[in-house]
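See structure below.
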Amino acid sequence: FDVTGYFAASSGPNPTPTPTPTPTSGVCTPGTTQPTYTFPVTKILTDTFEASTFASGWIVTTGGDGTATISTAQHHTGTCAGLFTVSVSNTSIAYISKDLGGAKTNVWASGWFYVAQEGPASNDVPYLRFFDGSTRIADVFRKNGTGDAWLRTPDGSGSWIYTDLHTLIPLVNPTWHQVTLHVAPAGAASTIDVWIDGSLVSPPSTTYNLYTSQLTAVHLGAEHVSQQAVEYFDDVTIGAS
């Protein structure tokens, strides 16, 4: 595929944050043990989504027919998980974001993901995305059609560099997969590590030019429209320093 533009973000209207959903009593399990926090930086959050809401300081953004909800249809632990539904409509969008509380130079995030439905082969299903302000700096996604996992980083000219993580995540008998992303932004000497299901899948001893020395937010879901998918997520941990 053409890495210069094949995965370019779709254009569309600016979405507006939605209110935190009203809790649904009696379906989630608030006493579910939080995921173990093991990152060597200050904890920002752990979330099992068993509170029936995005109550851990997430900012929820949806538009068109896109939804970000809490569901009992699938779960990694407990009885609930987060759920994104997005269509091919040019107004459909859904994502959640967590502010890191200022500029950070060492950011870790992990979550469990279940892709129940993908969209067109020309698109992808996002896992974790790291931002500096409104600029996406690094993200890991599952390519529709092939099921391959990829790392995406900026090329400095408004396009992207794609790194094949050589990991297949098929939709046949889909199951939960853990994705962990670590980014230490330092301009041309930035480092990135990616683990999938506990295995390091990013190229070893590689430095990246991320064109920034700070990160300010972590996103789940796509911040642009028409990224069709049905995707569950659970047991998220984020840390930074």
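For region 147-241, what proportion of DSSP beta bridges, expressed in % and rounded to the nearest 5, is antiparallel?
Once the DSSP bridges in region 147-241 are tallied, antiparallel ones form about 95 percent.
Ranked by the mean number of other Cβ atoms within 10 Å of their residues, highest first, the peptides 111-117, 100-106 come out as 111-117, 100-106.
I need to check one value: relative contact order of region 77-216, counting alpha carbon pairs closer than 8 Å and at least 6 residues apart, in percent.
24 percent
Would you work out which of Gly82, Gly102, Gln117 lies farthest towards the positive end of the dipole of the chain? Charges go on Cβ: Lys and Arg +1, Asp and Glu -1. The Cα lying farthest towards the positive end belongs to Gly102. Close amide H contacts of Leu100 (hydrogens built in the peptide plane, cut-off under 5 Å, sequence separation of 5 or more or a different chain): Ala217, Val218.
Within the accessible surface of region 95-204, defined with a 1.4 Å probe on protein heavy atoms only, the carbon and sulfur portion equals 53 percent. Considering only alpha-carbon pairs that sit under 8 angstrom and 6 or more positions apart, the relative contact order computed for the chain is 28 percent.
Its Cα centre serving as origin, the chain has a Cβ charge dipole (Lys and Arg +1, Asp and Glu -1) of approximately 300 debye.
Neighbours of Phe49, meaning other residues whose beta-carbon lies under 15 angstrom from its beta-carbon, give a summed charge of -4 when Lys and Arg score +1 and Asp and Glu score -1.
The values are calculated or read from the model by the stated rules, or taken from the named source; none is laboratory data. This one's a predicted model, so the numbers in the text were calculated from it and none came from an experiment. Neighbour counts run over all protein chains shown; Cβ positions are idealised from the backbone, glycine included. Note: accessible area is taken over every heavy atom of the protein model, side chains too, but ligands, DNA and RNA are not part of it. Shrake-Rupley method; radii C 1.70, N 1.55, O 1.52, S 1.80 Å.
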